[in-house]
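The values are calculated or read from the model by the stated rules, or taken from the named source; none is laboratory data. These numbers come from a predicted model, not from an experiment. Virtual Cβ from ideal backbone geometry, glycine too; neighbours counted across all protein chains shown.
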Amino acid sequence: MNEYDNDDHAYRFGGVDSPLRDGRGYDDEPEKKRGGGFFRALWRVFSVMFIAGFVVAIAGLVYAFIYVKGLEPELPDYTKLENYQPKVTTRIHAGDGTLVAEFARERRLFVPAESIPDTVKQAFISAEDKTFYEHDGIYWLGIPRAALNNIENIRNGAPLEGASTITQQVAKNFLLTSDQKIERKVKEAIIARRMEKVFSKEEILELYLNEIYLGNRSYGVAAAALNYFGKPLSEIEPHEAAYLATLAKAPANYHPVYNESRAIARRDWILGQMFENGYLTAEELAFYRDMPLGAQLAPPLGARSAAFEYFAEEVRRDVAERYGTDALYDGGLSVRTTIDPELQLKAEKAFREGLAEYDMRHGWRGPLTTISLPEDLDAKTTVEREGDEEVPLWALSLREAKKRLVAERKSAEDLAPWKIAVVLSTTDAVAEIGFRDGSVGSITLPNLSWARQFISINELGPEVESVTQVLTPGDVILVEPVEGDNSYALRQIPAANGGMLAMDPHTGRIKAMVGGFSFGLSEFNRSTQAWRQPGSTFKPFIYAAALDNGYTPSSIVLDAPFVAPGLDGTWYKPGNYVADRFYGDSTLRLGIEKSRNTMTARLAQDLGIGTIIEYAERMGVSDRLPRNLSISLGAGETTLMRLTAAYAQFVNGGKKIEPTIIDRVQDRHGDTIFASDDRPCFGCNVDVWENQEEPPIVDDREQVIDPRTAFQMVSIMEGVIERGTGTKIREMFLDEPLPPLAGKTGTTNDYRDAWFVGFSPDLAVGVFVGFDMPQSLGNGEGGGNVAAPIFGKFMKDALVPEEVVPFRAPSGIRLVRVNARTGKPANANEPNVILEAFKAEDDIYGRSRRFTGDGNINAPTGDEDIDGDLGVIY
């Protein structure tokens with residue numbers, strides 16, 4: 001007997017009649033009045049006789065089923081539980097270990113018995129089987145009690161009550177059905193007895209606590225601890241363990257939101273049982289009964305946050321392709337990915353803001369839908385499921401409207417901080433709006449002044465001078481909180497879409513992935529699945545080929561009308577961004593900085609289309625480019641992921657990289673079954689560090705271009721932001737120093753696609769914006785106006801100035817002061833001077849190449865008088 005096994009303690013510290021119950025209802029353990037006398041004694045005699053007779057009857061039934069009916073051959077093999085392999089959740093982690101997503105048919109984490117805290121075991125034993133450590137698989141005294149209760153249950157049509165021990169529950173859950181038949185109960189009892197002879201109590205408890213369903217898609221105590229309390233099993237406190245044990249009986253009856261009071265009552269009863277069993281002191285009992293329930297509902301399976309939806313789906317497809325769907329959903333894999341949660345949030349924010357800004361430039365397309373408002377806006381009704389809450393009638397109509405909009409994918413749950421609202425009333429200066437919870441707010445005229453009527457992609461209605469021009473009572477709209485008390489700004493889901501990627505340029509590890517404006521609206525990943533024309537973002541690969549074939553950044557190429565025969569008998573006549581505007585002799589650098597089309601086409605014709613395709617394929621841009629001169633201006637197709645990885649190879653010194661989203665995969669036992677970096681590392685797995693040097697790791701990646709050429713392209717693309725088509729990025733840093741940034745804009749015909757792909761020394765980023773069904777984004781909406789600002793927003797937020805280093809120059813590069821326009825070496829006091837990157841063997845005066853006019857490029861002889869001629873291609 002422990003120190004609490006007496007009536008006095010039971011009364012004082014939570015027993016049947018204890019005042020510690022505080023009047024709480026205990027529907028599972030009703031209180032009984034004590035009595036005495038002749039009838040009480042007589043009742044005890046009959047009870048003893050009944051129990052004895054019942055036990056004899058059960059023994060007879062067991063005998064009959066085994067030896068008469070022949071039940072023995074039908075019994076399942078319980079020994080297979082020795083090799084129990086439960087369905088376990090596959091968990092997806094970020095690069096820093098943060099849980100990103102979960103995939104499972106049954107949400108379960110297997111925990112061995114020795115790792116399950118005693119508190120959790122004690123709570124379940126107290127709730128389900130307090131004699132667990134004493135019985136031999138069956139609690140015989142519980143059988144007649146259950147039989148008596150079932151007489152009443154049968155009469156009332158209620159479910160039958162069992163007297164199952166934890167061992168019997170294991171036998172039923174693993175080996176039998178849940179049929180309420182005597183035959184099944186007999187089988188259960190026989191198997192339970194036999195299991196007790198083969199398995200230890202801890203092994204049986206391990207099976208039980210890992211298999212039991214505890215509601216909220218939780219199988220097993222470890223998953224339930226995370227799903228309800230957001231903490232690992234090792235951190236669960238007694239009152240939390242008691243709530244988990246509460247759920248073993250009937251999870252739906254003790255829902256933490258809808259049945260909170262009932263859940264607390266049952267939890268407190270279990271705490272009382274833990275006290276009576278000696279697992280808690282009186283002080284602990286009082287303390288934990290005063291604790292709030294504290295349980296919440298876990299997010300659904302899949303991504304843990306809306307920001308990770310596209311990335312999580314990409315990982316899901318990858319794992320399923322590698323190991324199959326059974327391993328994905330049941331195998332308990334641990335997947336360490338490349339994603340950086342902080343960068344992911346910043347990328348999504350920059351992309352959504354930039355896309356919304358573009359969309360607002362093209363006007364208001366109208367509300368999501370409209371609903372009828374009651375004549376009396378103050379009229380309310382009661383919602384029983386939400387705690388008898390009173391809400392306005394218009395709020396209920398708004399809730400129904402949102403359900404329809406989400407089902408039709410006209411709105412989504414992942415648009416935060418945007419909220420869905422209904423317009424309640426309007427004046428010239430302000431609109432009153434209401435939300436689903438019955439609260440209200442307002443939109444003032446300045447916060448919807450952008451909402452001129454959309455007429456066409458290039459035409460808008462008149463300026464907005466009144467709120468009533470835009471909104472009408474009953475309009476269902478999207479709004480975003482702004483500064484001010486309950487103040488909001490009008491918003492709309494952009495008609496265009498796109499994607500954004502951030503990548504480690506040295507390894508190819510994807511640090512952030514945005515596949516579209518909203519996963520809830522469209523699961524199509526535009527970062528990985530959309531094949532689009534890259535426009536001028538393809539040009540750097542042509543210029544890199546030129547630099548590898550004797551050109552220098554200061555070589556001169558003519559910017560003038562260009563005509564070449566096409567394969568189909570037509571003539572290819574590209575024009576510049578500004579039609580009929582040409583600039584004559586221009587340096588190779590200016591061709592990139594100003595994105596000159598005719599210069600690029602002329603250069604590509606000189607190099608040969610075969611050379612261009614070979615460079616593009618070697619750098620991974622695309623493996624299906626047509627043999628057509630138009631690809632020089634980006635007429636082929638590629639994906640944002642491919643293009644960003646190709647650009648990353650400029651900043652990493654020309655080393656081949658493959659984009660990766662998974663670093664490592666471990667099986668349920670912790671063994672590594674996949675590692676993206678499989679290079680041998682001798683000396684990496686030493687037990688202790690004893691001041692030894694870091695072990696060398698061989699960099700065996702392919703060198704796709706000369707590292708000096710790669711650096712020259714980095715230097716040239718810095719000029720795109722400093723002086724060229726990407727100057728809007730520079731303008732975003734006017735209040736602080738511009739970090740080392742480089743990149744290239746891209747715009748396709750009729751402004752159908754807008755691109756910017758660029759990098760800092762240690763981060764490569766690509767942005768694409770366009771309609772899913774290609775159409776014009778609007779006049780002037782090219783890469784510099786649409787995509788570049790998104791890149792700038794992200795880089796300004798993502799880069800830590802103290803940690804940014806300059807671009808790394810390889811050996812064999814010399815920096816020379818030249819005139820930015822002519823490319824010639826500059827005099828001491830000459831204005832408009834930049835540092836140009838030349839290879840050591842380059843003639844800075846341009847003597848390395850000269851176009852002769854007959855289709856050949858020859859190196860000049862030493863006798864020629866070139867007088868500083870840079871070598872011109874016409």
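Just the residues that are under 28 Å from Glu390 (Cβ atoms), touching a helix residue (DSSP H, G or I) at 6+ places or on another chain (Cβ under 8 Å) and of a type in the set (A, V, I, L, M), please, taken from segment 409-468.
Ala416, Ile420, Ala421, Val422, Leu424, Val430, Ala431, Ile443
Show the residue pairs that are 6+ apart or on different chains and have beta-carbon atoms under 6 Å apart, the first residue being within segment 646-661 and not assigned by TED's automatic domain parsing to the domain that holds Phe308, the second being aromatic (Phe, Trp, Tyr).
From residues that are not assigned by TED's automatic domain parsing to the domain that holds Phe308, the pairs are Val651/Phe759.
Here is a list: Leu405, Leu471. Which entry is outside any strand (DSSP E or B), touching a residue at least 40 places away in the same chain (Cβ under 8 Å) and in contact with a helix residue (DSSP H, G or I) (Cβ under 9 Å, 6 or more places away or on another chain)?
Leu471
Just to verify a result, which residue in segment 330-343, among those that are crowded, with 21+ Cβ neighbours inside 10 Å and among the hydroxyl-bearing types (Ser, Thr, Tyr), is nearest to Glu106 (Cα to Cα)?
Thr337
For segment 598-619, how many residues are in contact with a strand residue (DSSP E or B) (Cβ under 9 Å, 6 or more places away or on another chain) and either touching a residue at least 60 places away in the same chain (Cβ under 8 Å) or among the aliphatic types (A, V, I, L, M) (or both)?
Counting residues in segment 598-619 that are in contact with a strand residue (DSSP E or B) (Cβ under 9 Å, 6 or more places away or on another chain) and either touching a residue at least 60 places away in the same chain (Cβ under 8 Å) or among the aliphatic types (A, V, I, L, M) (or both) gives 7.
Does at least one position in segment 489-509 carry a residue that is β-branched (Val, Ile, Thr) and more than 30 Å from Ala601 (Cα to Cα)?
Checking segment 489-509: at least one residue is β-branched (Val, Ile, Thr) and more than 30 Å from Ala601 (Cα to Cα).
Could you identify the single residue in Leu734, Leu738 that is out of contact with any strand residue (DSSP E or B) (no Cβ under 7 Å at 6 or more places or on another chain) and either within 27 Å of Ala544 (Cβ to Cβ) or surrounded by 18 or more Cβ atoms within 10 Å (Cβ to Cβ) (or both)?
On inspection, the qualifying residue turns out to be Leu738.
Collect the residues in segment 472-513 that are buried (at least 24 other Cβ atoms within 10 Å of the Cβ), on the phi > 0 side of the Ramachandran plot and either hydroxyl-bearing (Ser, Thr, Tyr) or modelled with pLDDT under 95 (or both), keeping them in residue-number order.
none
As an exercise: evaluate Ala489 against (1) part of a strand (DSSP E or B); (2) under 30 Å from Asp677 (Cβ atoms) and give the number of the one condition it does not meet.
Result: Ala489 passes all but (2).
Quick test for you: out of Lys80, Lys121, pick the one residue that is within 23 Å of Arg193 (Cα to Cα), at pLDDT 90 or above and assigned to a helix (DSSP H, G or I).
Residue meeting the stated conditions: Lys121.
Quick one: how many residues across segment 548-584 are in a strand (DSSP E or B) and at pLDDT 85 or above?
6
In the list Ala295, Ala327, which residue meets the criterion of being assigned to a loop (DSSP other than H, G, I, E, B) and surrounded by 15 or more Cβ atoms within 10 Å (Cβ to Cβ)?
Just a single option satisfies the conditions, and that option is Ala295.
Tell me the residue from Asp548, Asp559 that is in contact with a strand residue (DSSP E or B) (Cβ under 6 Å, 6 or more places away or on another chain), under 30 Å from Tyr845 (Cβ atoms) and of a type outside the set (Lys, Arg), please.
None of the others qualify; the one that does is Asp559.
Please determine whether any residue of segment 306-315 is on the phi < 0 side of the Ramachandran plot, buried (at least 21 other Cβ atoms within 10 Å of the Cβ), touching a residue at least 40 places away in the same chain (Cβ under 8 Å) and assigned by TED's automatic domain parsing to the domain that holds Lys130.
No, there is no match, as no residue in segment 306-315 is on the phi < 0 side of the Ramachandran plot, buried (at least 21 other Cβ atoms within 10 Å of the Cβ), touching a residue at least 40 places away in the same chain (Cβ under 8 Å) and assigned by TED's automatic domain parsing to the domain that holds Lys130.
Between a residue in segment 434-455 that is within 22 Å of Ala395 (Cβ to Cβ) and any residue that is in a helix (DSSP H, G or I) and of a type in the set (Lys, Arg), which pairs come within a Cβ distance under 7 Å, given they are 6 or more apart or on different chains?
Sorted first by the residue in segment 434-455, then by its partner, the pairs are Arg436/Arg399; Arg436/Lys402.
When you go through Thr727, Thr745 one by one, which is the residue that is of a type in the set (Ser, Thr, Tyr) and touching a strand residue (DSSP E or B) at 6+ places or on another chain (Cβ under 8 Å)?
Within the list Thr727, Thr745, the selection yields Thr745.
Can you name every residue in segment 360-372 that is touching a strand residue (DSSP E or B) at 6+ places or on another chain (Cβ under 7 Å) and under 12 Å from Gly474 (Cβ atoms)?
Correct list: Pro367, Leu368, Thr369, Thr370, Ile371.
Is it true that Leu377 is of a type in the set (A, V, I, L, M, F, W, C), part of a loop (DSSP other than H, G, I, E, B), over 21 Å from Ala496 (Cβ atoms) and in contact (Cβ under 8 Å) with a residue 24 or more places away in the chain?
yes
Out of all the residues in segment 245-260, is one or more part of a helix (DSSP H, G or I), under 12 Å from Ala127 (Cα atoms) and either in contact with a His (Cβ under 9 Å, 6 or more places away or on another chain) or of a type outside the set (Gly, Ala, Ser) (or both)?
So far as segment 245-260 goes, yes, one or more of its residues are part of a helix (DSSP H, G or I), under 12 Å from Ala127 (Cα atoms) and either in contact with a His (Cβ under 9 Å, 6 or more places away or on another chain) or of a type outside the set (Gly, Ala, Ser) (or both).
Please go through (1) of a type outside the set (Val, Ile, Thr); (2) surrounded by fewer than 17 Cβ atoms within 10 Å (Cβ to Cβ); (3) under 28 Å from Asp762 (Cβ atoms) for Gly516 and return the number of the only condition it doesn't satisfy.
Of (1) of a type outside the set (Val, Ile, Thr); (2) surrounded by fewer than 17 Cβ atoms within 10 Å (Cβ to Cβ); (3) under 28 Å from Asp762 (Cβ atoms), only one is false for Gly516: (2).
Counting just the residues of segment 408-430 that are of a type in the set (A, V, I, L, M, F, W, C) and in a strand (DSSP E or B), which one comes out surrounded by the fewest Cβ atoms within 10 Å (Cβ to Cβ)?
Val430
Tell me which of these Met732 doesn't satisfy, since it passes every other one: (1) aliphatic (A, V, I, L, M); (2) more than 20 Å from Ala645 (Cβ to Cβ); (3) at pLDDT 95 or above.
Tallying (1) aliphatic (A, V, I, L, M); (2) more than 20 Å from Ala645 (Cβ to Cβ); (3) at pLDDT 95 or above, Met732 fails exactly one: (3).
Restricting the search to segment 756-780, which residues are assigned to a loop (DSSP other than H, G, I, E, B) and crowded, with 24+ Cβ neighbours inside 10 Å?
Leu777
Identify the residue in segment 723-758 that is of a type in the set (A, V, I, L, M, F, W, C) and out of contact with any Ser or Thr (no Cβ under 9 Å at 6 or more places or on another chain) and, among all such residues, is farthest from Ile834 (Cα to Cα).
Met732
Yes/no matrix, rows are residues, columns are (1) touching a Pro at 6+ places or on another chain (Cβ under 6 Å); (2) under 28 Å from Asp330 (Cβ atoms); (3) of a type in the set (A, V, I, L, M):
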| site | (1), (2), (3) |
| --- | --- |
| Leu209 | no, yes, yes |
| Ile212 | no, yes, yes |
| Asn216 | no, yes, no |
| Ala225 | no, yes, yes |
| Lys231 | no, yes, no |
| Glu284 | no, no, no |
| Tyr288 | yes, no, no |
| Ala295 | yes, yes, yes |
